[in-house]
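Right, one structure below, let's go through it.
The values are calculated or read from the model by the stated rules, or taken from the named source; none is laboratory data. These numbers were taken from a predicted model, which means no experiment stands behind them. Note that we place each Cβ from the backbone using ideal geometry, even for glycine, and neighbour counts take in every protein chain shown.
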């Protein structure tokens, strides 16, 4: 009888552990922002954007420093609206802005002027 009670207690403890709420980890340094993308592009969408932007024959921004998702747009860079054709083919970025550098296409959130995606 004790053996059954012991097993029941073990099963109950395991069930409680599995049902316990998950605790989120807080960053070690909360002052350091994490780089998160708000746009998830497929490889095909990246290719479409790259090809359509190449066809625009735009002049690259004067500031050619490497940027990453989460970075602020440099003040001397002028962002442009996403062209209608790109917005049709990749609708999740149609309300965004962009600029090009020598080696990157930079997608920008127009509300906070932060980089949300970089296409090499």
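Across segment 41-54, the qualifying residues are those that are farther than 16 Å from residue 99 by Cβ and loosely packed, with under 13 Cβ neighbours inside 10 Å, and the one among them that is nearest to the chain's Cα centre (by Cα) is 42. None of 22, 14 is surrounded by 10 or more Cβ atoms within 10 Å (Cβ to Cβ) and either out of contact with any strand residue (DSSP E or B) (no Cβ under 9 Å at 6 or more places or on another chain) or modelled with pLDDT of 85 or more (or both) except 14.
Within segment 64-99, if we keep just the residues that are in contact with a strand residue (DSSP E or B) (Cβ under 7 Å, 6 or more places away or on another chain) and not in a loop (DSSP other than H, G, I, E, B), the residue that is farthest from residue 47 (Cα to Cα) turns out to be 72.
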